[in-house]
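The values are calculated or read from the model by the stated rules, or taken from the named source; none is laboratory data. Every value quoted in this text rests on a predicted model; they were computed, and no experiment measured them. Positions of Cβ are generated from backbone atoms using ideal geometry, with glycine treated the same way; all protein chains shown enter the neighbour counts. All accessible areas refer to the heavy atoms of the entire protein, side chains included, with ligands and DNA or RNA removed. Shrake-Rupley method; radii C 1.70, N 1.55, O 1.52, S 1.80 Å.
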2 protein chains.
Amino acid sequence: MKKRLFTPGPTPIPENVALAMAQPIIHHRNPEFIEIFSRVNENLKYLFQTKQDVYTLTSSGTGAMEAAVANLLSFGDKAIFVNGGKFGERWGEICRAYGVDAIEIKIEWGRAVTPEEVRDELKKHRDVKAVFVTHSETSTGVFTDVKELAEVVHENSDAVIVVDGITSVGAHELYMDDWGLDVVITGSQKGLMIPPGLSFIALSEKAWKMVEKSNLPKYYFSLKKARKALQNGDTPWTPAIALIVALDVALKMIKDEGLENIWKRHEKLSKAVREGCKAIGLKLFGNPPSHAVTAVYFPDGIDKKEFQKVLKYKYGITVAGGQEHLKDKIFRISHLGYYDEIDIVGVISALEMALAEVGFDEFKLGDGVKAVQKVFAEYEKIEVKQGGNDEFLSCCH
Amino acid sequence: MKKRLFTPGPTPIPENVALAMAQPIIHHRNPEFIEIFSRVNENLKYLFQTKQDVYTLTSSGTGAMEAAVANLLSFGDKAIFVNGGKFGERWGEICRAYGVDAIEIKIEWGRAVTPEEVRDELKKHRDVKAVFVTHSETSTGVFTDVKELAEVVHENSDAVIVVDGITSVGAHELYMDDWGLDVVITGSQKGLMIPPGLSFIALSEKAWKMVEKSNLPKYYFSLKKARKALQNGDTPWTPAIALIVALDVALKMIKDEGLENIWKRHEKLSKAVREGCKAIGLKLFGNPPSHAVTAVYFPDGIDKKEFQKVLKYKYGITVAGGQEHLKDKIFRISHLGYYDEIDIVGVISALEMALAEVGFDEFKLGDGVKAVQKVFAEYEKIEVKQGGNDEFLSCCH
């Protein structure tokens, strides 16, 4: 059976990226790798839309979150974090593990924090050093306007704004420098289309000044060590070489497609998923919606396990479940990374068939796919650059 | 040009292991992965010769070193570390970064610590909580008898012994449980024959009791979180899936060959490298020698850069240089992981040719290879299990 992942990490790996990993291993201090790594570092700046260096860490995205906390702050520092989902909550957990005084803005999971809520909290705590937010909350499929939040943070405090872009980088518009985002982090198995194992972090000048003063313990995730090593085009510890070789190929694909086109594609595909779901009578969870992942309520009365089984074992499709208290309430369809229109038609058609098989009858087969196609028809045609033969190919044998 | 790595990490990746990484990515919570990960976990216990669980971290080996320090100790705890090379020194750096009172046994780089030196230090500091040692010091090619040290530590203190097995696991005899090693760590791009990006750590019951009490900050490297996740066959953070899929293949190869055979092979190949080097007039650095890497003095009077260039760009062979104050004094030939007799003949013959080309004339071409072959002849034949046709193959076209 063909297997198709629609999970928000790992996301599908393009075949050329996967094969790049199988090439003979090269030493990270040999010229071949230094050339690759220097190209990767340039392309990561493009991805983050920053002039700052982007540091590649060998860890999951959580490692980069920890690097942000441990390198920016000191014992007893005050920080605000927005808990609107499992990954927002994680900022608080990390801060507290390090003895940071973490002030929580707890919002109902499924909505975004408002600028006013952040402003109010900043006014209550004038000495806050950092504000931790989540651009695309993977657990709820909710998008937060971090451009707006950055303005609020900078107008009302001297704090830095730290953005979890793990499922937004490569899916949502993001201009690190222009928007005044002090720290942006992301992970590899998301919009970057490579397997898990790498995370990324970039810091503004202001954030680097905090790094100089930070007294929290760190070694493996020390960004000062990373900066010193990068001055020689190197990493402080042996990096995940095979993943960086894959990243090089993936970043070239991203550059070729163009960030604006990629953001547009994610907008289009996510809209299609939402319209497709609505057309078959499914209720969406969370608002405003992320372009990376769509959260959908299980319809009432169906056998959820059976539905999931049909989807996975009859149609080969893995979607994600809900997390924490949303575990049996929602499921999540990812469209982050290496997806196109036909993939979306595929997943919506599978949803239709699986739902019909478990007795959900509030729609007619094809309703969802039709809605998906209508969204695609609305969007401007993207110029297809193809040389050579435009005829249908003849058959050879 | 064919490229051959003789570096102590990354080490060569078997082709089947490399291709495993290029397979379609699977989700770490899908049954396919859970099956792989559970087999990996069983085979890691065999590799470490322990009944304890071995935890797989997504990081370089340094991450596992940090995990050991941050999870075992508390602020102000006393620990002893042996600095007999760059990696022994690193134990001290990590301890100090975490506010641990790190007592250094500094020995001349190139020799191993003696049991007496460790005993003396333990007697001076009765309240030491941990002793950090290096089984195979990659920077000097020196082997330390950790079995003997474990006895000394247990007889003279209540401290745990923590062993850096990064370049010893899979090369040197190591029985974690039988020898009373409380903590053993290793890395992926070494004896395990997969690319960098994973590290491994196992803890004795006694070490786990210290973990319960430790107050040093940690989150990503929290072993309590790792233990809790492993109870469900899981990891707390998304693991480097592609590397674990590769690891599964590599561990099956290790099991098929058998640990005792692998240790014997490393002993034989390392002895052959040493004898080959001596036969061409090269002086060995460090004693007793590790089976993972051989450190060799550059001969006097040769152009070192030119020698390295010929080796790398004419014969495609990368060896490692010296580190820190040994930078221009020694080079290091690794024979850790996926190497056989013919590889060793290859590297020694390349050394001969490169040395001859830069004017070093204290040997005759072939002297080194001859010495290598003599070592191989001394060793017992390993039974070759091959079915089918034992005739020379006929040619087909």
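General observations
- Among residues of region B:302-312, those that are farther than 19 Å from B:P8 by Cβ and free of Cβ contacts under 8 Å to residues at least 24 places away in the same chain, counted: 2
- Residues being touching a Phe, Trp or Tyr at 6+ places or on another chain (Cβ under 7 Å) and outside any loop (DSSP other than H, G, I, E, B) are represented in region B:122-135 by at least one member.
- Complete set of residues in region B:194-225 that are more than 10 Å from every other protein chain (Cβ to nearest Cβ) and open to solvent by less than 10 Å² (accessible area, probe 1.4 Å): B:F200, B:I201, B:A202, B:L203, B:A207, B:V211, B:L223
- Qualifying positions in region B:112-127 - open to solvent by 10 Å² or more (accessible area, probe 1.4 Å) and either farther than 18 Å from B:L174 by Cβ or of a type in the set (K, R) (or both): B:T114, B:E116, B:E117, B:R119, B:D120, B:E121, B:K123, B:K124, B:H125, B:R126, B:D127
- Considering residues of region B:304-351 that are open to solvent by less than 80 Å² (accessible area, probe 1.4 Å) and among the aromatic types (F, W, Y) only, the residue nearest to the chain's Cα centre (by Cα): B:Y339
- Among the criteria (1) closer than 15 Å to A:Y46 by Cα; (2) surrounded by fewer than 24 Cβ atoms within 10 Å (Cβ to Cβ), the one A:M176 does not fulfil is (2).
- Of the strands (runs of 3 or more DSSP E) entirely within region A:1-100, those holding at least 2 residues that are over 16 Å from A:G191 (Cα atoms) and facing another protein chain (nearest Cβ under 9 Å) occupy A:54-58.
- The helices (runs of 4 or more DSSP H) located wholly in region B:212-329 that include 3 or more residues which are closer than 30 Å to A:M65 by Cβ occupy B:223-230, B:241-257.
- Test: residue in region A:158-173 that is in contact (Cβ under 8 Å) with a residue 24 or more places away in the chain and part of a helix (DSSP H, G or I): no
- Residue check: A:Q231 meets all listed conditions (1) more than 9 Å from chain B (Cβ to nearest Cβ); (2) closer than 12 Å to A:Y55 by Cα; (3) crowded, with 20+ Cβ neighbours inside 10 Å but one, namely (3).
- Restricting attention to region A:91-111 and to residues that are more than 22 Å from A:N156 (Cβ to Cβ) and free of Cβ contacts under 8 Å to residues at least 60 places away in the same chain, the residue that is least open to solvent (accessible area, probe 1.4 Å) turns out to be A:I94.
- Candidates A:K213, A:K218, filtered to the one that is under 17 Å from A:T56 (Cβ atoms) and over 20 Å from the mean Cα position of the chain (by Cα): A:K218
- Residue-level analysis places A:L247 among those that are in contact with a Leu (Cβ under 8 Å, 6 or more places away or on another chain) and within 14 Å of chain B (Cβ to nearest Cβ).
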